[in-house]
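Right, one structure below, let's go through it.
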Amino acid sequence: MRAQTAASNADNSNAAHNSNNDFTKVQDLPTGTPQGQQTTMPNSNKSSSANNSTAQTIKQALFNQRDDINNPHTPDTDGDEPTHFGYKTVNKAEKQARVADVFTSVAKKYDIMNDLMSFGIHRLWKRYAISLSGVRAGQHVLDIAGGTGDLAKVFSREVGRNGHVVLSDINAAMLEVGRERLINAGCNNVDFVLANAETLAPFDDESFDLVTISFGLRNVTDKDAALKAMYRVLKPGGRLLILEFSKPVFEPLSKAYDLYSFTALPVMGKLIANDSESYQYLAESIRMHPDQQTLKQMMQQAGFENCDYHNLTAGIVAVHRGFKA
């Protein structure tokens with residue numbers, strides 16, 4: 001019943017796009033709850049009552065009961081302390097909701113836009129990052145801000161049936177897209193958890209061999225807090241991998257990249273996702289993100305050792321790596 005409901009509600013454009021991928025069609029999946037996925041939501045006023053039918057309960061039960069996406073920044077904790085939202089200055093307490101609006105808006109077109117914006121090169125960037133992950137069978141992996149699940153899908157295969165992957169994101173719309181894709185792909189060793197990268201509250205200390213965050217760190221309000229949380233949940237000897245837009249190392253390329261980012265991206269966002277403002281923010285957020293050396297120093301301050309980074313496409317993207325002693 002869940003598979004049939006998902007199929008009937010699928011966005012037509014997404015269905016056309018997914019048909020080109022190596023995912024099983026939703027309607028071909030067996031009914032019932034896939035093994036390995038946690039499917040209970042946190043208690044809320046909207047939770048189903050004991051009188052609701054099983055079908056209604058299953059439809060509402062999407063994410064792990066450990067979900068905790070409370071905003072650590074409130075007027076009481078941060079007052080009017082400012083931070084950046086792209087080029088705009090906002091209060092820290094406001095940023096989480098503003099970022100949530102952006103990704104809720106673009107969730108269903110996210111994969112298509114990634115292919116268009118990067119000319120498909122984002123797949124090579126992710127493949128290279130995975131090659132640096134050192135992931136092995138039987139390990140536990142946390143993919144933060146994992147969105148539509150590109151990395152988690154590969155990690156699911158690499159860790160095998162004795163391993164475990166958690167795909168987490170702060171945005172429910174993005175996480176639902178990733179959840180549907182991975183279930184359709186037969187990834188039965190993955191859980192899906194709503195989590196704030198700054199706290200990673202649902203996760204115990206020293207519980208993962210590998211933590212990754214791909215194109216998500218720049219959207220975090222307090223990056224230092226997030227890095228400390230990542231350090232906390234890693235096992236001793238564990239590895240952190242950050243894939244993120246960075247600063248081009250070739251000045252002529254930097255100017256051309258700026259021109260492309262601030263003209264072509266909003267236009268594509270308007271044409272494909274009917275949302276130019278979100279892609280204007282994404283371009284601005286890239287420029288506000290720390291450069292390669294600064295991020296390396298931030299990782300070291302959070303406790304990581306043997307930190308390094310690898311520039312990709314002349315520094316447009318960088319992969320940072322660090323280890324917990």
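The values are calculated or read from the model by the stated rules, or taken from the named source; none is laboratory data. Keep in mind that what you see is a predicted model, and the values were worked out from it rather than measured. Counting neighbours? That spans all protein chains shown, and the Cβs are built from the backbone with ideal geometry, glycine included. These accessible areas exclude ligands, DNA and RNA; they are computed on the full protein's heavy atoms, side chains included. Shrake-Rupley method; radii C 1.70, N 1.55, O 1.52, S 1.80 Å.
The 1.4 Å probe gives accessible areas that order Asp80, Asp205, Asp222, largest first, as Asp80, Asp205, Asp222. Remark: the range 179-189, residue by residue, has Karplus-estimated 3J(HN,Hα) of 4, 5, 4, 6, 5, 4, 7, x, 7, 9, 10 Hz, where x stands for each Gly or Pro and the curve is 6.51 cos²θ - 1.76 cosθ + 1.60 at θ = phi - 60°. Quarter the surface of the alpha carbon convex hull of the range 145-254 and you get the mean projected area, 8.1 square nanometres.
Per the Debye calculation on the range 191-261 with a single equal scatterer at every Cα and no solvent contribution, log₁₀ I(q)/I(0) for q = 0.14, 0.20 Å⁻¹ amounts to -0.54, -0.83.
Exceedance of the 18 Å cut-off in Cα-Cα distance is limited, within the set Lys247/Lys296; Lys228/Lys324; Lys247/Lys324; Lys228/Lys296; Lys95/Lys324, to Lys247/Lys324; Lys95/Lys324.
Surface listing: Val249, Val211, Val177 arranged by accessible area from highest to lowest gives Val249, Val177, Val211, probe 1.4 Å. The order of Tyr257, Tyr279, Tyr309 by accessible area, most exposed first and with a 1.4 Å probe, is Tyr309, Tyr257, Tyr279. How much FRET efficiency would the formula 1/(1 + (r/R0)^6) give for Phe119 and Arg157, where r is the Cβ-Cβ distance and R0 is 25 Å, rounded to 0.05? The calculated FRET efficiency here is 0.45. Residues in the range 139-148 carry Karplus couplings, in order, of 7, 10, 10, 10, 9, 7, 6, x, x, 7 Hz; the curve used is 6.51 cos²θ - 1.76 cosθ + 1.60 with θ = phi - 60°, and Gly or Pro positions show x. For Glu81, the solvent-accessible surface with a 1.4 Å probe is about 80 Å², rounded to the nearest 10. Between amide H atoms placed 1.01 Å from N, distances below 5 Å from Val317 occur with Ser246, Leu312, all of them 5 or more places distant or on a separate chain.
Since only Leu312, Pro252, Phe262 are under comparison, the one whose Cα sits farthest along the positive direction of the charge dipole of the range 190-325, derived from C-beta charges on Lys, Arg, Asp and Glu, is Pro252. When only alpha carbons are used to place a centre, the range 262-325 and the range 111-145 end up 14 Å from one another.
Here the Karplus relation 6.51 cos²θ - 1.76 cosθ + 1.60, evaluated at θ = phi - 60°, turns the backbone of the range 118-132 into coupling constants of 9, 6, x, 5, 4, 5, 5, 4, 5, 4, 5, 4, 4, 5, 8 Hz, with x for every Gly and Pro.
Less than 5 angstrom separates the built amide H of His140 from those of His164, Asp209, Leu210, all sequence-distant by 5 or more or on a different chain.
Quick one: if the Förster radius is 30 Å, what FRET efficiency do Arg287 and Ala201 give, using the C-beta to C-beta distance and rounding to 0.05? Calculated value: 0.50.
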